[in-house]
Every structure is written in C-alpha cells, then in structure tokens.
Amino acid sequence: MLRVENLTVAYGKAKALYGVSMDVEEGELVTLLGSNGAGKSTLLKTISGLLKPTGGTITFKDRKISGMPSHKIVQMGVVQAPEGREVFPSLSVHDNLRMGAFTRRDDKAVDRDMEFVFELFPRLAERRNQAAGTMSGGEAQMLAIARSLLSGPKLLMLDEPSLGLAPVVREDIFNVVQQIYQERRVTILLVEQNAKWALGVASRAYIMENGRIVMQDQGSKLAENEHVQRAYLGY
Amino acid sequence: MESLFLQQVVNGLIVGSVYSLIAVGLTMIFGVMRISNFAHGDFSMVGAYIAVFILAWVPGWFGWVGSLVAALAGVGILGLVVERGLFRPLITRWTDLDQIMASVGLFFVMENLAQLFFGATPRMLPDPFQGATVDFGLFSTSMMRVLCISMAVGIIILLQIYLNRARMGVAIQATAQNRNAAQLMGININLIYGLTFALGSALAGLGGVLYGTIFAIYPTMGAIPTLKAFVVTILGGMGNIRGAIFSGFILGVAESLGGAYVSMEYKNAIGFVILILVLLIIPHGLFGRSEE
C-alpha cells in the first residue's frame, strides 16, 4: 500500500534520512521504533508532503506521492495525526474536528464519523464547544487522533500518541488505537516510544537509528532481539 | 464641556472604525502569512481612487454603491496579483528582512505609479447627503459619517461571521494557528495565502473609500493609514483580529481627545506615544499576540 524506497531527506546541508526503505501493506499495523532524532518524524513529514525528499520515492497504492503537495496526499487517504500539542488552540473542539474533515464533501459520511469519534472519546463530546488550547495533554492527544479519523484515512500515521501522557491516560490511548485498528480496519503506521506496547500490537516493526532503518521483523521477534531489548525495552 | 467631550469621543469612534477596518486586514495577513505589509495603506489609496473615478463618472447613490463594490473587488484582485507575483515566489526563500524590503519596495512603486497616473492634486469624495447632518442632542455628526461608521462596523461583523462559521474562514484561522497541522488536514495553504491576502487587501481598499469620506485623497496618502494600521495591529497584538478591532477604536478616540484637549498639531503623534507606553508595560500588546 505504502512503499518508501531509498528515501533521502536533508535539512539544508544536514542529512536527516540516508536511503530509507520500508513498506506498509493494507490491513497491517506497522510500528516504527527509534530514539529521539532517529528520523521518525522526518520520515512521517516527508510521507505527508511537508518535507521534500532529496532522493528516492514514496508511492501509495502504486501512485507516486513524493513531490505532491500535502493537501493532495491527504485527499488520497494518507493522513497523519501529529502530536496532541499540534491541535488548533483557539478553535473549539468541534471546529478542530471540522478541519479534520476539510477535504471531504460527503456531509453524511462526515456526520457519521463525527458520531463515531464522539462515541470513541466521550470527553470530546462533553467539550465540543471548548477551545482546544484549554484542554489537558491527554484530551488534546485524543482530539488529534479524532481529528485525523475525520479525514477518512486509508493509511493513518500516528506520531508518538503516548508522548508525555500519564500512565492511566496512556492506557486509554493504547486501547483506542487498537479499537481503531480492529473496528475501523484502518491501516496504521505507528511511531512510538513505548516499545513494549508498540512491538506487542504490531504485525511488523522497523527500528530506526541515525536516519537509517537498522532492523525489521515481526513485532514479537524484535521484542526478543537482544539489541532491541537493551536499547528500547530497558532489560 | 461635557458635550465637547462626547462629541470628540464620537468623532474618534468614527475615525477609529476606519482604522479598525484597515488594520484588521493587515493583522490577518500577518497572522496567516507572517508578512508585515508596509504597502497596506497603498491598497487603501487605490480603493479611494477607484471611488474618485467612479463617482466622477456616475454621481449619486449608484456611484456610491458602485464605488464600494468596485473598491472591494478591485483591490481584492490587486491583492491576489501582488500575493502571487511578489510575495509567494519569495515565501519559501526569504528572511523577515527580505519580505519587509519587498513590501517597502511595493510601497514606493505604488505611490509613484499613483503620482504618475492620478496626478498630485488632492481630491475629495462628494457627499451623497449634500452635507446633511444629524443631531443626537449631546452631539451631532454628518449623515456621511454615520454611513461611514455603519459600513465599517457592518463589514467587520460580516468578517467575524465568515471567519468563525464558513469552512474557508475557519481554515484561515487554523492556518494562522498552526501552518503544519493545517497542511496535515489537507488544507491547501497556498490557496489560504491567496485568499487571506486578497481579503485583507480588499478590506484596506474599502477602508480607503471610507477614509476618503473623512480625509483628502492624494497619491502619497497611503503612508498614514499604513502607520496607523501598524500602531493598531501592534497595540492589539500582532495577528490578533479582535485586538485590532478594539485598538482601532481606542486609537481613534485617543487621537480625537488628544487633538481637542492637548494639541491638534500632535494628533498623529499621540498614537505612537500610546504605542510606546503600552509596549514598555505590556510587550505583547493590549490583547496578546496570536498563537505562534
């Protein structure tokens, strides 16, 4: 479904990705694991069209999307849920969700999705008229995920959904991600720091270090790998 | 004494409504595109001249309605052209200084073209009410000024409704608050830039016609509304639309009272005195900055 081939990205002269290749098949939940600065966010930004690659290609459903403007990529169903602090702070929860559905013309389908996310996150329903900037970190993260669901994703990319959240809230987010994957059958590319959960839930996983993919395997196999255990699982 | 005070407040509110209208356009453009457009007041000048020529051609009410519509549309289109032709090609490459110099250059070009084509003679807009005044007891004003403040306030209200309700209006706000996140929602930000610049310029153009009902119109007039709009924008917090609306009225009233009670000569300086005082005490302006 998504195929990244030999992708290089640079910020000015500083290279951030050195020939990254990876793919996500339809129906998979693929985890991308790596420490800070490994290039995970850069990869997601490039797939979304916010950064232009200096080399390599990205294709989605056999169409080349590298070089396309970001709004066209979203229209094709490649949707990224950024971190929770990337919500629109002065807009209400409801307007944030409306912006999620910006590219969609089918009002009825949008209304159905709106109901779905309000069921998924009852807290958001309670706060629909509240400014997003006044919400807690966990609520903002829920909003960021809910907003991305309103874009009608075929491939959903989640950028560190549990970052900076209290353990209890983190559990909620984990459950929701699994629910979205199982009930909505959305293909997911998950970038996470919580390796234990992220490897457990994934069909496959990639490990990224210093702008390169250094390992790839089934989630459960990587969880047993000695290097992974030492570097990411804290054994 | 009381009625002089009230009269000055009313005069100030009328002029202030025009400041608000022009400044709202400037602050919107800054909020969304991070451009400080030093040629903003020249869009007002163009709007005022559109009214001068249309009213010379079609006098009376038809001419007035036509002037307002033509100033809004004509300056809006001019804004679109300037955004596409000047600002957009620079937007990915420039530094803040580049865009400031580009807009200062635009200011000189527009002023000089206006001198070339419109001549240096100051013009006035004809009064459709033939000088009729209304007396409210404690204060009085001309019908023309009643029309001026009603138009300005009406347009500001319509703009607020558009920005808060319409899909594209909310998208403008979203882009101002977080450009990257807006792109991730599938918002075409180039489209938003064009729309914002056109809308902001159109407001300046319409503001220019209203400005011309109070002050004389001449090719270099744009510098004054530009400076006033910057004072208002900074007072209200850069990019803060509501702040700009209120600050416009505050500046109008302060100037009017200062002119009456302190000194008429220093009227234009009063805004800057207030600005410096506010910035010394509250660096982010009276109403806070827009979200970065």
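One table, with the values for the structure above:
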| item | result |
| --- | --- |
| Considering residues of the range B:189-219 that are surrounded by fewer than 24 Cβ atoms within 10 Å (Cβ to Cβ) and hydroxyl-bearing (Ser, Thr, Tyr) only, the residue farthest from the other protein chains (Cβ to nearest Cβ) | B:Tyr218 |
| Residue in the range B:267-274 that is over 18 Å from B:Leu203 (Cα atoms) and basic (Lys, Arg) present | yes |
| Helices (runs of 4 or more DSSP H) completely within the range B:29-139 that count 1 or more residues being open to solvent by 30 Å² or more (accessible area, probe 1.4 Å) and of a type in the set (Lys, Arg) | B:88-91 |
| Of all residues in the range B:168-188 being of a type outside the set (Lys, Arg) and more than 8 Å from every other protein chain (Cβ to nearest Cβ), the one that is farthest from A:Pro69 (Cα to Cα) | B:Gly169 |
| Checklist (1) away from every other protein chain (no Cβ under 14 Å); (2) open to solvent by less than 70 Å² (accessible area, probe 1.4 Å); (3) in a loop (DSSP other than H, G, I, E, B) applied to B:Met264, failing item | (2) |
| Selection from the range A:116-146 of residues that are open to solvent by 40 Å² or more (accessible area, probe 1.4 Å) and either within 14 Å of another protein chain (Cβ to nearest Cβ) or of a type in the set (D, E, K, R) (or both) | A:Glu119, A:Arg123, A:Glu126, A:Arg127, A:Arg128, A:Asn129, A:Gly133, A:Thr134 |
| Among the residues listed as A:Leu44, A:Leu29, the single one being farther than 24 Å from B:Arg179 by Cβ and under 14 Å from the mean Cα position of the chain (by Cα) | A:Leu29 |
| Enumeration of residues in the range A:46-68 that are touching a helix residue (DSSP H, G or I) at 6+ places or on another chain (Cβ under 8 Å) and within 14 Å of chain B (Cβ to nearest Cβ) | A:Ile47, A:Ser48, A:Gly49, A:Leu50, A:Leu51, A:Lys52, A:Ile65 |
| Residue that is within 10 Å of chain B (Cβ to nearest Cβ) and open to solvent by 10 Å² or more (accessible area, probe 1.4 Å), where the choices are A:Asp159, A:Asp113, A:Asp107 | A:Asp159 |
| Criterion: within 21 Å of A:Arg204 (Cβ to Cβ) and either open to solvent by 40 Å² or more (accessible area, probe 1.4 Å) or touching a Phe, Trp or Tyr at 6+ places or on another chain (Cβ under 7 Å) (or both) - qualifying residue of A:Val20, A:Val78 | A:Val78 |
| Selection count, the range A:81-94, where residues are buried (at least 23 other Cβ atoms within 10 Å of the Cβ) and farther than 16 Å from A:Met157 by Cβ | 3 |
| Which numbered condition B:Gln183 fails, given (1) open to solvent by less than 10 Å² (accessible area, probe 1.4 Å); (2) in contact with a Ser or Thr (Cβ under 6 Å, 6 or more places away or on another chain) | (1) |
| Members of the range B:154-167 that are part of a helix (DSSP H, G or I) and either β-branched (Val, Ile, Thr) or within 14 Å of chain A (Cβ to nearest Cβ) (or both) | B:Ile155, B:Ile156, B:Ile157, B:Gln160, B:Ile161, B:Tyr162, B:Leu163, B:Asn164, B:Arg165, B:Arg167 |
| Filter result (out of contact with any Gly (no Cβ under 8 Å at 6 or more places or on another chain) and either buried (at least 18 other Cβ atoms within 10 Å of the Cβ) or among the hydrophobic types (A, V, I, L, M, F, W, C) (or both)) within the range B:145-160 | B:Arg145, B:Val146, B:Leu147, B:Cys148, B:Ile149, B:Met151, B:Val153, B:Ile155, B:Ile156, B:Ile157, B:Leu158, B:Leu159 |
| Selection status of A:Leu149, hydrophobic (A, V, I, L, M, F, W, C), surrounded by 23 or more Cβ atoms within 10 Å (Cβ to Cβ) and over 20 Å from A:Pro82 (Cα atoms) | no |
| Scan of the range A:23-65 for residues that are part of a strand (DSSP E or B), open to solvent by less than 30 Å² (accessible area, probe 1.4 Å) and among the small types (Gly, Ala, Ser), ordered by number | A:Gly34, A:Gly55 |
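The values are calculated or read from the model by the stated rules, or taken from the named source; none is laboratory data. Everything numeric in this text was worked out from a predicted model, so none of it was measured. Cβ: placed from backbone, ideal geometry, glycine included. Neighbour counts: every protein chain shown. Note: areas computed on protein heavy atoms with side chains; ligands, DNA, RNA excluded. Shrake-Rupley method; radii C 1.70, N 1.55, O 1.52, S 1.80 Å.
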